[in-house]
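Peer 1: Mind looking over this structure? Questions follow.
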Amino acid sequence: MGSRILLTGGAGYIGSHTYVALVEAGHEVVILDNFSNARDDVPARLEMITGHPVAVERADVLDKAALARIFAAHRFDAVVHFAALKAVGESVQKPLEYIETNVAGLLNLLGAMRDAGVFRLVFSSSATVYAESEVMPLAEDAPRGYASTYAWTKLAGEQILEQVARSDARWAFGVLRYFNPAGAHDTGLIGEDPQDIPNNLMPYIAKVAVGELPALNVFGNDYPTPDGTGVRDYIHVVDLARGHALSLAALIATGRGHVVNLGTGRGYSVMEMLAAYSRACGRDLPHAVAPRRDGDLAAYWGDPRLAEAELGFRAARDLDDMCSTSWGWISRRANAPRG
Ligand code: NAD
Ligand code: WQD
């Protein structure tokens, strides 16, 4: 039977795809978002995809009174928490804003949940909580660490949940460590939508493909990897979204928490990504080799086995699917600027 779910950050990139997965799994979902990093038309697009009206609470996770009001107005069974700031470079420039949104926002949410008697939460963590390692793939028991304020906020979030879980057996947390999300929905109606010049590889390539940026800057081609460029574990956002539905199902069925990687278990290089995107959009995309980016690691990818054992989750979609759906989204979106 379906549950009633609060989806914070549900108008964002991963949140909007997860909205679709949760509705498809039979849940009743309310989106909470302040639209600081989402377009106003996302709910209308979600309605087109799902065929049902979309419930939205336009609110900020930093507003405790709004959270109390929203929890009083709906009787939620569980929460999926995406709302956060996510730009790694910016987090180092604006630590107070990142700590406030990502850490105080989580605390506010946990307080509102406790007061309303809601004890199940799925939390967006990240592979960025792993310390730098020579051992690949990264398994969930690998040492944790952080290299940016953003990473610290995710590590702090995990540690807060550990403390809270200890305090009362009713709490059950699904901590999902995403590797590198990529791709878009098959309909081309939702996808990743950065307002400025993208920080991440896939949205940057997408803007080159659509002609908004001249060429990809490849950040270093002298890493100790097969072609010298950085290697990451890219996971299709539709797979990632399904992982959240499985995490919720496990929390609800067992009342027991889990900490799992959501990745594919294999890495691709920057040049492999560029070649795959060129195939998807039908032309060779220009690139130039640029210096390494500060703080980047050569290569990492996740061990996907625990997610399969705990949740029955296995990524199903490949790199070509990530590129073709991204291209389907961005090429439709190109003529509709934000506003
Ligand atoms: P996103 O920016 O597209 O989505 C975040 C959403 O939260 C946006 O819709 C934004 O408007 C909303 N939001 C921000 N601050 C808010 C606030 N104070 N109150 C209410 N809503 C607020 O980002 P995303 O890529 O979809 O990431 C979702 C989550 O996954 C984040 O927690 C992020 O840290 C985490 N994550 C992302 C990646 C990635 O590479 N995209 C990787 C690992 C983890
Ligand atoms: C991927 C590869 C770059 C852009 C970041 C965060 C991480 C997580 C996901 C949230 C690297 C190369 C990139 C470009 C390039 N976020 N690159 N030219 O750095 O693995 O992870 O996003 O939790 O915390 O750190 O992702 O997409 O930025 O980079 O050559 O213009 O592409 O050097 O090898 P990253 P990314």
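Peer 1: Compute the distance from the alpha-carbon center of region 175-253 to that of region 290-325, in whole Å.
Peer 2: 9 Å
Peer 1: Can you give the FRET efficiency to the nearest 0.05 for ALA131 and ASP40, using r as the Cβ-Cβ distance and R₀ = 56 Å?
Peer 2: 0.90
Peer 1: Let a ≥ b ≥ c be the square roots of the eigenvalues of the Cα gyration tensor of region 36-91; is it rounded (a/c under 1.5), or, if not, prolate (a/b larger than b/c) or oblate?
Peer 2: In terms of gyration-tensor shape, oblate.
Peer 1: Students sometimes get this wrong: rank LYS64, LYS207 by accessible area, probe 1.4 Å, all chains present, largest first. If you can, show how the numbers build up before the last one.
Peer 2: Numbers: LYS64 135, LYS207 30 Å².
Ranking LYS64, LYS207 by accessible area, largest first, yields LYS64, LYS207.
Peer 1: Report the extension gain between SER167 and GLN195 in nm, rounded to one decimal, defined as 0.36 nm multiplied by the number of residues separating them, less their alpha carbon distance.
Peer 2: So the chain would gain 6.0 nm between SER167 and GLN195.
Peer 1: Let me ask something else. Work out the FRET efficiency for MET48 and ASP222 from their Cβ-Cβ distance, taking R0 = 51 Å, and round it to the nearest 0.05.
Peer 2: 0.65
Peer 1: Quick one: how many Å² of HIS287 are accessible to a 1.4 Å probe, rounded to 10?
Peer 2: Counting only protein heavy atoms, HIS287 exposes about 80 Å² to solvent.
Peer 1: I'd like the FRET efficiency for ALA275 and ALA68, computed as 1/(1 + (r/R0)^6) with the beta carbon distance as r and R0 of 35 Å, rounded to 0.05.
Peer 2: Taking R0 as 35 Å, the efficiency between ALA275 and ALA68 is 0.10.
Peer 1: Moving on to the next point. Could you pull the Cα extents of region 32-173 along its three principal axes, largest to smallest, in whole Å?
Peer 2: Principal axes ranked by extent give 48, 36, 30 Å for the Cα atoms.
Peer 1: What distance in nm lies between label points placed 7 Å from Cα along the C-beta direction at GLU212 and ARG293?
Peer 2: Here the modelled spin labels are 1.6 nm apart.
Peer 1: Now a separate question. Ignoring ligands, DNA and RNA, what percent of the accessible area of region 1-49 is carbon or sulfur (1.4 Å)?
Peer 2: That fraction is 47 percent.
Peer 1: Could you work out the helix-only [θ] at 222 nm for the chain, with each DSSP H run of four or more residues adding -39,500 (n - 2.57) and the total divided by the number of residues, to the nearest 500 deg cm²/dmol?
Peer 2: Working: 12 runs with 134 residues, N = 339.
My calculation for the chain gives -12000 deg cm²/dmol from helical runs alone.
Peer 1: Just check region 98-157 against the gyration tensor rule for me: Cα atoms, a ≥ b ≥ c as the square roots of the eigenvalues, rounded for a/c under 1.5, and otherwise prolate or oblate depending on whether a/b exceeds b/c.
Peer 2: Oblate, since a/c reaches 1.5 and b/c is not below a/b.
Peer 1: Relative to the present Cα-Cα distance, how much length would full extension add between TYR146 and LYS94 at 0.36 nm per residue of separation?
Peer 2: So the chain would gain 17.1 nm between TYR146 and LYS94.
Peer 1: State whether the chain is rounded, prolate or oblate according to the following rule on the C-alpha gyration tensor (a ≥ b ≥ c being the square roots of its eigenvalues): a/c under 1.5 gives rounded; otherwise a/b larger than b/c gives prolate, and the remaining case gives oblate.
Peer 2: Here the chain falls in the prolate category.
Peer 1: Lysine pairs in the chain with alpha-carbon atoms under 22 Å apart, 8 or more places apart or on different chains: how many are there?
Peer 2: Numbers: LYS64/LYS86; LYS64/LYS154; LYS86/LYS94; LYS86/LYS154; LYS86/LYS207; LYS94/LYS154.
Here the count comes out as 6.
Peer 1: Using a 1.4 Å probe, what is the accessible area per residue for region 222-339, in Å²? Provide the component values of the computation, followed by the final result.
Peer 2: On the way: 5490 Å² over 118 residues.
So region 222-339 comes to 47 Å² accessible per residue, rounded to a whole number.
Peer 1: So, one more: Quote to one decimal, in nm, the extra length available between ALA309 and THR254 on full extension: 0.36 nm per residue of separation minus the C-alpha distance between them. Working shown, then result.
Peer 2: On the way: separation 55, 0.36 × 55 = 19.80 nm, distance 1.40 nm.
Taking 0.36 nm per residue and subtracting the Cα distance, the gain is 18.4 nm.
Peer 1: Further, regarding this structure: Give me P(r) over region 108-199, computed from all C-alpha to C-alpha distances, binned every 10 Å, as integer percentages.
Peer 2: The distribution over region 108-199 is 13, 35, 31, 19, 1, given as percents.
The values are calculated or read from the model by the stated rules, or taken from the named source; none is laboratory data. Bear in mind that the values here come from a model prediction, so they are computed numbers and not experimental data. Cβ atoms come from the backbone with ideal geometry, glycine included; neighbour counts cover every protein chain shown. Please note that ligands, DNA and RNA were not included when accessible areas were found on the heavy atoms of the full protein model with its side chains. Shrake-Rupley method; radii C 1.70, N 1.55, O 1.52, S 1.80 Å.
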